[in-house]
Structures are given as C-alpha cells and as structure tokens.
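S.K.: Below is a structure I'd like to ask you about.
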Amino acid sequence: MPAVETRLVVDRTGRRVIFEGVELGIEPRVFDVFVLLAEEAADAGGWVLRGSIDAALRASTGREGNPEQVDRSINRLRDVFRREPRLPAVPKNGFIETKAKVGCRLTLAAAEIGFMA
C-alpha cells in the first residue's frame, strides 16, 4: 500500500483511482491517459506531451486519434474531480494543467501520488 500521506492512489491492475479516500469513476478509455499523467507527476513532475496522450488513447481504443480527442479526454478527467460531491475544494482545472501545443500535467506533488500493482 502507498504511504499514509498519499492523496492519490492509482491501482493499475484493478484500473481504479482513489483520491482522498474516494474512488473516482474514470472511463476505461481515458484511464491509461490518467495513469500516464500520474506516472509523470510522480517521477519528474513534468509535462506529458500531446502526442503521448494521443498514443495512449489509440492504444486504449484501437482507433486513430485526433487533437479533439486529446482535449475531450483531458476535460473528462477534469470533470471526474470537479463533479465528485465528496471532494471539496477541487481547483477549476481539476488538478490538470494544460500548456497549449505542448501537453498536460497533473498538479499534485510526487509525494501525494502512490501506485498499486
């Protein structure tokens, strides 16, 4: 199990995301994108390039992607946080920052992120 101070737990095997003790309902097709964001934030705290997000979506769906799919996926992930009534004080960006024509990053600190399996 991840450390006690961990706010975000990503269960790769069970394909679950738990934030502050609340299991979030993340769509299967964007789960891999979220894992990519969480891994980068936990490792280097850097940006995940749009091309990498697109590749994760293609691998997950088996279909060719387009720039709108990347944007929709990020918005869906933000909405998971923003629309969860058990999570107070979620920032407007839903913990995901976007840099135009570059990519996205999860705004949590590495110490706040833990992984299972």
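The values are calculated or read from the model by the stated rules, or taken from the named source; none is laboratory data. Here the structure is a predicted model, which is why all the values come from computation and not from measurement. With ideal geometry, Cβ positions are generated from the backbone for all residues, glycine too; neighbour counts draw on all protein chains shown. SASA here: full protein model, heavy atoms, side chains in, ligands and nucleic acids out. Shrake-Rupley method; radii C 1.70, N 1.55, O 1.52, S 1.80 Å.
S.K.: Is it true that some residue in region 78-98 is assigned to a helix (DSSP H, G or I), over 21 Å from PHE115 (Cβ atoms), touching a residue at least 24 places away in the same chain (Cβ under 8 Å) and in contact with a helix residue (DSSP H, G or I) (Cβ under 8 Å, 6 or more places away or on another chain)?
M.R.: no
S.K.: Moving on to the next point. Kindly provide the set of residues from region 56-77 that are over 15 Å from GLY103 (Cβ atoms), in a helix (DSSP H, G or I) and among the polar types (S, T, N, Q), ordered by number.
M.R.: SER60, THR61
S.K.: Only one of (1) open to solvent by less than 40 Å² (accessible area, probe 1.4 Å); (2) among the hydrophobic types (A, V, I, L, M, F, W, C); (3) not in a loop (DSSP other than H, G, I, E, B) is not met by LEU108, so which one is it?
M.R.: (3)
S.K.: Is there a residue in region 66-77 that is modelled with pLDDT of 95 or more, surrounded by 14 or more Cβ atoms within 10 Å (Cβ to Cβ), touching a helix residue (DSSP H, G or I) at 6+ places or on another chain (Cβ under 6 Å) and basic (Lys, Arg)?
M.R.: Yes, some residue in region 66-77 is modelled with pLDDT of 95 or more, surrounded by 14 or more Cβ atoms within 10 Å (Cβ to Cβ), touching a helix residue (DSSP H, G or I) at 6+ places or on another chain (Cβ under 6 Å) and basic (Lys, Arg).
S.K.: Same structure again: Does VAL10 qualify as being open to solvent by less than 30 Å² (accessible area, probe 1.4 Å), among the hydrophobic types (A, V, I, L, M, F, W, C) and outside any helix (DSSP H, G or I)?
M.R.: yes
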